[in-house]
Amino acid sequence: MKAKDFDQKFDANEEDIINDLDLTTARRVNQEQKRVNVDFPVWMIESLDKEASRLGVTRQSIIKVWLAERLEKQQSHQA
């Protein structure tokens with residue numbers, strides 16, 4: 001399908017375009033993952049696990065959310 005045809009189909013919003021996309025090569029901008037190792041004191045891990053359990057999420061999820069919130073807050077103060 002040519003880009004012009006795809007754009008027209010998208011703009012018409014009359015049919016789903018998902019089948020016209022190759023999702024095997026799709027990427028979310030600025031969302032690539034990179035593994036890092038961080039050592040935390042035991043009391044911090046226990047607190048993280050308690051809060052994660054309370055919220056029904058994983059330890060990794062709560063760490064990511066809290067770090068993202070802090071970084072976004074920091075960026076908004078610098079702007």
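The values are calculated or read from the model by the stated rules, or taken from the named source; none is laboratory data. All values derive from a computational prediction rather than experimental measurement. Every residue, glycine as well, gets a Cβ built from its backbone with ideal geometry; the counts of neighbours run over all protein chains shown. Note: areas computed on protein heavy atoms with side chains; ligands, DNA, RNA excluded. Shrake-Rupley method; radii C 1.70, N 1.55, O 1.52, S 1.80 Å.
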- With respect to Gln78, is the statement that it is open to solvent by 90 Å² or more (accessible area, probe 1.4 Å), polar (S, T, N, Q) and out of contact with any Leu (no Cβ under 8 Å at 6 or more places or on another chain) true? yes
- The one condition in (1) outside any helix (DSSP H, G or I); (2) open to solvent by less than 100 Å² (accessible area, probe 1.4 Å) that Asp39 fails to fulfil: (2)
- Message: From the list Leu55, Leu67, Leu21, exactly one residue is surrounded by 10 or more Cβ atoms within 10 Å (Cβ to Cβ) and under 30 Å from Met1 (Cα atoms). Which is it?
- Response: Leu21
- May I ask you to list the residues in the range 1-18 that are in a loop (DSSP other than H, G, I, E, B) and open to solvent by less than 100 Å² (accessible area, probe 1.4 Å)? Ile17
